[in-house]
Amino acid sequence: MKQDGLNAVLSWMDSGGGEGQSIGVKANISVKNVSCHGGIKAYEDAIAVDDALVVKRLRDAGYQISAILNMEEGALGAQTDNPWFGKTQNPIKYGYTPGGSSGGSSAAVAGELVDIALGTDTMGSVRIPSAYCGLWGFKPSHSKEILAGVMPLSPTLDTVGVHAKTLDDVIRVTEIICDKSFSNGRAGDIQLLDYSGQVSVETDVESCFNDFLQTLGALPKTKLSPYAFGQSRRAGLILSEVEGFAVHSEKLISNPDGFSEFFRGMLEYGRDLPLKRIDAAYAHVSELRSADFPDFILMPTAPQTAFKFGSPVPANQADFTAFANLADRPAIQFPIGLSEAGLPIGAQLVGPRGGEADLVATLKSIWA
């Protein structure tokens with residue numbers, strides 16, 4: 001295996017030449033004749049018989065599939081410190097996480113190992129690593145179609161997303177994987193998320209976000225009820241554990257040693273949850289997906305910057321990002337500055353379900 005210095009790339013491939021940009025693919029997205037193991041040792045010998053639909057679409061558009069990228073085991077985690085395939089470093093600062101679960105994807109783009117990368121996003125797994133690595137990250141609305149050939153974690157919440165260094169690249173590749181144009185959208189009015197007293201945000205993140213807001217003028221605020229940050233995020237985690245156990249139940253029996261103790265414990269926790277709690281989590285997601293939220297909502301992407309490996313994982317890491325998955329809405333992460341320590345800080349704009357074109361137009365109206 002070619003060494004990249006970040007442990008982001010698990011394998012390099014002969015992309016077959018051509019002039020297209022290089023694409024790295026998260027290890028839970030099928031690439032023909034390559035192991036699609038999802039960061040889980042139990043699936044290491046599971047060779048994909050065909051490309052995932054999103055990979056096919058990118059090949060047809062002239063992009064080069066050049067690398068398989070590291071990830072959190074089973075796409076359930078926050079650091080990309082994989083017990084089987086190693087720890088991926090943040091290219092911005094060694095010893096710091098690139099985020100998870102698509103940390104290999106964000107690190108590979110930020111480290112200039114590939115031009116663009118595919119990840120998956122269940123509660124922020126594209127947008128948080130993009131924020132930690134100073135990239136653009138696009139999570140489209142939930143789509144069963146673009147999940148064809150992707151190892152699931154939570155079929156209710158999962159989607160495929162894109163990491164890139166520029167707005168143009170992240171839009172263009174997301175258009176291709178979704179098989180639709182975002183060029184004719186209409187910009188709308190933005191509301192600012194009021195998270196005061198509900199999410200603890202690092203001082204540098206708060207300051208940088210407020211500086212960015214100064215460039216926009218006064219925005220109306222919204223509370224997003226019934227979204228409840230930590231409580232809602234925990235409902236998403238329940239779905240991930242319950243549905244993740246269903247996905248991996250047979251392999252857990254046939255090859256239990258192919259799962260780390262930590263990941264296996266989370267899946268078994270989902271297996272053993274009382275039905276009352278599971279039903280409540282699904283009911284909350286249903287409530288959020290039928291709620292009348294504003295069309296365009298601006299908020300920080302993560303409450304903190306990238307953190308050191310070995311330090312406690314922030315419990316509130318996905319408090320902002322989980323909203324777009326639970327309510328099933330598209331969202332774009334974009335870089336807005338750096339902390340005093342030189343670590344990237346990001347914001348995200350969330351749009352209406354199925355309204356990717358309008359989301360793009362609205363973001364361009366404040367980014368021009």
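Numbers below:
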{"quantity": "Condition broken by V350, with the remaining ones in (1) among the aliphatic types (A, V, I, L, M); (2) under 19 Å from T80 (Cβ atoms); (3) touching a Lys or Arg at 6+ places or on another chain (Cβ under 9 Å) satisfied", "calculated": "(2)"}
{"quantity": "Condition check for F296: in contact with an Asp or Glu (Cβ under 9 Å, 6 or more places away or on another chain) and surrounded by fewer than 17 Cβ atoms within 10 Å (Cβ to Cβ)", "calculated": "no"}
{"quantity": "Matching residues in region 18-36 - criterion: being part of a loop (DSSP other than H, G, I, E, B) and in contact (Cβ under 8 Å) with a residue 60 or more places away in the chain", "calculated": "Q21, A27, N28, S30, C36"}
{"quantity": "Test: residue in region 64-82 that is modelled with pLDDT of 95 or more, over 14 Å from the mean Cα position of the chain (by Cα) and part of a loop (DSSP other than H, G, I, E, B)", "calculated": "no"}
{"quantity": "Members of region 213-248 found to be touching a residue at least 60 places away in the same chain (Cβ under 8 Å), touching an Asp or Glu at 6+ places or on another chain (Cβ under 7 Å), outside any helix (DSSP H, G or I) and not aromatic (F, W, Y), listed by number", "calculated": "T222, P226"}
{"quantity": "Cross-chain or 6+ apart pairs with Cβ under 6 Å, region 188-210 first and within 19 Å of G355 (Cβ to Cβ), then surrounded by 13 or more Cβ atoms within 10 Å (Cβ to Cβ) and among the aliphatic types (A, V, I, L, M)", "calculated": "I190/L219; I190/L298; Q191/I297; L192/L219; L192/L298; L193/I297; L193/M299"}
{"quantity": "Residue within region 103-113 that is assigned to a loop (DSSP other than H, G, I, E, B), crowded, with 24+ Cβ neighbours inside 10 Å and either in contact with a Lys or Arg (Cβ under 8 Å, 6 or more places away or on another chain) or at pLDDT 95 or above (or both) present", "calculated": "no"}
{"quantity": "Answer from V9, V49 - the residue that is surrounded by fewer than 20 Cβ atoms within 10 Å (Cβ to Cβ) and either among the β-branched types (V, I, T) or at pLDDT 95 or above (or both)", "calculated": "V49"}
{"quantity": "Test: residue in region 16-33 that is of a type in the set (A, V, I, L, M, F, W, C), out of contact with any helix residue (DSSP H, G or I) (no Cβ under 9 Å at 6 or more places or on another chain) and modelled with pLDDT of 95 or more", "calculated": "no"}
{"quantity": "One residue from G99, G62, G86, G104 being of a type outside the set (S, T, Y) and in contact with a helix residue (DSSP H, G or I) (Cβ under 8 Å, 6 or more places away or on another chain)", "calculated": "G99"}
{"quantity": "Matching option when the condition is among the basic types (K, R), surrounded by fewer than 17 Cβ atoms within 10 Å (Cβ to Cβ) and farther than 15 Å from A347 by Cβ, among K180, K165", "calculated": "K180"}
{"quantity": "Wholly enclosed strands (runs of 3 or more DSSP E) of region 120-212 bearing at least 2 residues closer than 25 Å to F307 by Cα", "calculated": "136-139, 159-164"}
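Residue by residue, here is whether (1) surrounded by fewer than 23 Cβ atoms within 10 Å (Cβ to Cβ); (2) under 18 Å from the mean Cα position of the chain (by Cα) holds:
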residue: K276; (1), (2): yes, no
residue: H284; (1), (2): yes, no
residue: A315; (1), (2): yes, yes
residue: T321; (1), (2): no, yes
residue: Q348; (1), (2): no, yes
residue: A368; (1), (2): yes, no
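The values are calculated or read from the model by the stated rules, or taken from the named source; none is laboratory data. Only a predicted model underlies this, so the values are computations on that prediction, with no experimental measurement involved. Cβ coordinates were reconstructed from backbone atoms using ideal geometry, including for glycine residues, and neighbour counts include every protein chain displayed.
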